[in-house]
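Single-structure report; data block below.
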Amino acid sequence: MKAIIGLLLAGLTLVVAQQSCTYTTTGTNGQTLKYDLSPLTLTNGNSYVIDDSKGSTYWANICGNATASCTPTQAVCQQGSNTHYYGCGILSTMKFSDGENGPDSGVTVWYGEGNSCQYPRTTTIYIACSPDAETILYDIAELSSCEYTLWMKSKYACPL
C-alpha cells in the first residue's frame, strides 16, 4: 500500500502559480510602453541583498520570493540588527506603476501586507531604466516607520 501511495505521489505534477511580471503604461508622448521584468526574478536560492545604516540586512526579489527566513514567505525580508526576521511585503500583493521620475524612467514595484509593525510593513522598489547597466540594488531607506524604499537600476527596466 505504501509503495502504491509513493508511486502515486511521485507521478503528481506540481503546479505553481506564477506572478505576471509585465507592465504596460502610456509614455509621456502618448506611446504605449511595455516592460518585461521577468529577467529580474532571481531563482535557485538567490535574492538581491543590501544592508542599511542601522545594521539591518534586506533580501528582495522582483516577481518572486526572497530567500531569507521570513514567515510567511515574503518578496522582501528584513533581518533586523536584533537578528529577528521581518516580512516587508508578500508577493501576491505586488503592484506595478510608473517609474519614480515618470513612465519613461522605469518601473515601480510595490509589495504590501508584510509583518505588523505599527501597521503591516510595505516596500516600494524603484527600478530605473539604465540601458547599459546590469541589475544593481544600490540604496535603501525607511522613509517612514514600517515603509521601506529600495532603489535599483537595470537594463530590464527599460521599455521593450
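Nothing in this text is a laboratory measurement; each read-out follows from the coordinates by a stated rule. Just so it is clear, the structure is predicted and the values come from calculations on it, not from any experiment. Positions of Cβ are backbone-derived with ideal geometry, glycine not excepted, and every protein chain shown enters the neighbour counts.
Laid out as a table, the results:
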quantity	calculated
Cβ-based charge dipole, the chain, positive-most Cα from 69, 80, 58	69
Pairs of Cα atoms farther than 14 Å apart, the range 45-92, %	40 percent
13 Å beta-carbon shell around residue 62, net charge (K/R +1, D/E -1)	+1
Two-site FRET efficiency, residue 136 against residue 116, from Cβ-Cβ distance with R₀ of 22 Å, rounded to 0.05	0.10
Estimated FRET transfer efficiency when R0 is 25 angstrom, pair residue 69-residue 93 (beta carbons, to 0.05)	0.80
Per-residue ³J(HN,Hα) for the range 118-128, Karplus 6.51 cos²θ - 1.76 cosθ + 1.60, θ = phi - 60°, Hz, x for Gly and Pro	7, 7, x, 5, 9, 9, 10, 10, 8, 10, 7
Cα principal axis extents for the chain, largest first, Å	66, 41, 28
Cut-off 18 Å, label 7 Å out along Cα→Cβ of residue 101, residues of the range 28-49 by amide N	28-29
Cross-link table 34/153; 54/155; 95/153, entries beyond 21 Å C-alpha to C-alpha	54/155
Principal-axis tilt of helix 2-11 within the chain, Cα atoms, nearest 10 degrees	20 degrees
Over the chain, relative contact order from alpha-carbon pairs under 8 Å, at least 6 apart, %	17 percent
Residues listed by number, the range 118-139, amide nitrogen under 14 Å from residue 54 label point at 7 Å toward C-beta	118-119, 121-123
